[in-house]
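No lab work stands behind these numbers, since they all come straight from the coordinates. On a predicted model such as this, the values are computed, not experimentally measured, just so you know. Note that each Cβ is placed from the backbone with ideal geometry, even for glycine, and that neighbours are counted across all protein chains shown.
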Amino acid sequence: MELDLRRDEYVELRSGNLGVRLAKNDAERDAARALRYRVFYEEMGAIPSEEAVRTQRDYDSFDEYADYLLVLDHDQPTVMEKVVGTYRLLPQEKADLAGKFYSADEYDLAALKEYPGRLLEVGRSCVDARYRGRSAMQLLWEGIALYIFMHRIDILFGCASLPGTNLADHAESLTYLYHAHLAPPALRMTAVPERRVEMVHTDPHQLNHRRALVNLPPLIKGYLRLGGYVGDGAVIDEQFNTTDVAIIVKTELFADKYYRHYERRLRDALE
């Protein structure tokens, strides 16, 4: 049975008291920005602007155009407390309105823009510390998969982060990513020359691949499990206190994993 959904009809998917859907109003988007501020600046040590300190919100110009994916705890009494996870989604047409993709400040996107198909940039992912078990992150993955399913997205990409800016701490991880998961030329984002740092820092033939994979942040491991690739070159983000790598995923791999799952769950939600 095929689903007959309008392109703008995004149903909420539930798992107990938690649900995932797109933000519907300014109050929900504001709560997502407040969550991002708490996680990125108060917890992870990013350097806030004066405006961010004043408002206690993480915000930039791309937020005016992006869709917000939210994990909601329906047991909480207020909107601010309900929003416990978020992802920022910027499809091609909205990036055109914004003037560019966020990742363009760190990576040359020429190869992706020439690749046939629809692009979706993802970023600003975070989950409240109290909800960092499997359920909330799994819901975010499912929410992205549904967005891809409904909007016919072909390529998902963005910047994913390793914590901290000391390259010595990430020598094994970066070397492993480059040698085991480098994107093919047709999909390969390359770090802009003025911000590029090399990814190979140890002898790749001496790498313990299992240890390197285990030590990667959960989000990057999630992309790799879906067949994701990395771009060429890393970028130091001093503001966010991270070392960034480009992530590229062909969404047919999402479709393989989730299509039947969503056909069933969406049919149940709409009946």
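Consider only pairs whose beta carbons are under 9 Å apart and that are at least six residues apart or on different chains; among these, list those whose first residue lies in the stretch 178-202 and is under 15 Å from Glu106 (Cα atoms) and whose second residue is surrounded by fewer than 14 Cβ atoms within 10 Å (Cβ to Cβ).
Met189/Ala110; Thr190/Ala110; Val192/Asp105; Arg195/Asp105
Kindly indicate whether Gly123 is in a strand (DSSP E or B) and either among the small types (Gly, Ala, Ser) or farther than 22 Å from Gly222 by Cα (or both).
yes
Just need a number here: residues in the stretch 53-72 that are under 22 Å from Ala145 (Cα atoms), more than 17 Å from the chain's Cα centre (by Cα) and surrounded by fewer than 19 Cβ atoms within 10 Å (Cβ to Cβ).
Looking only at that region, the number is 0.
Can you report the number of residues in the stretch 126-182 which are within 20 Å of His74 (Cα to Cα) and assigned to a loop (DSSP other than H, G, I, E, B)?
Final tally of qualifying residues: 3.
Just the residues that are assigned to a loop (DSSP other than H, G, I, E, B) and either under 15 Å from Asp169 (Cα atoms) or aliphatic (A, V, I, L, M) (or both), please, taken from the stretch 209-233.
Asn215, Leu216, Pro217, Leu226
Please go through the stretch 149-170 and pick out each residue that is surrounded by 16 or more Cβ atoms within 10 Å (Cβ to Cβ) and more than 23 Å from Asp108 (Cα to Cα).
Passing the criteria: Phe149, Met150, His151.
What residue, among those in the stretch 74-127 that are hydroxyl-bearing (Ser, Thr, Tyr) and surrounded by 19 or more Cβ atoms within 10 Å (Cβ to Cβ), is farthest from Met150 (Cα to Cα)?
The qualifying residue farthest from Met150 (Cα to Cα) is Tyr107.
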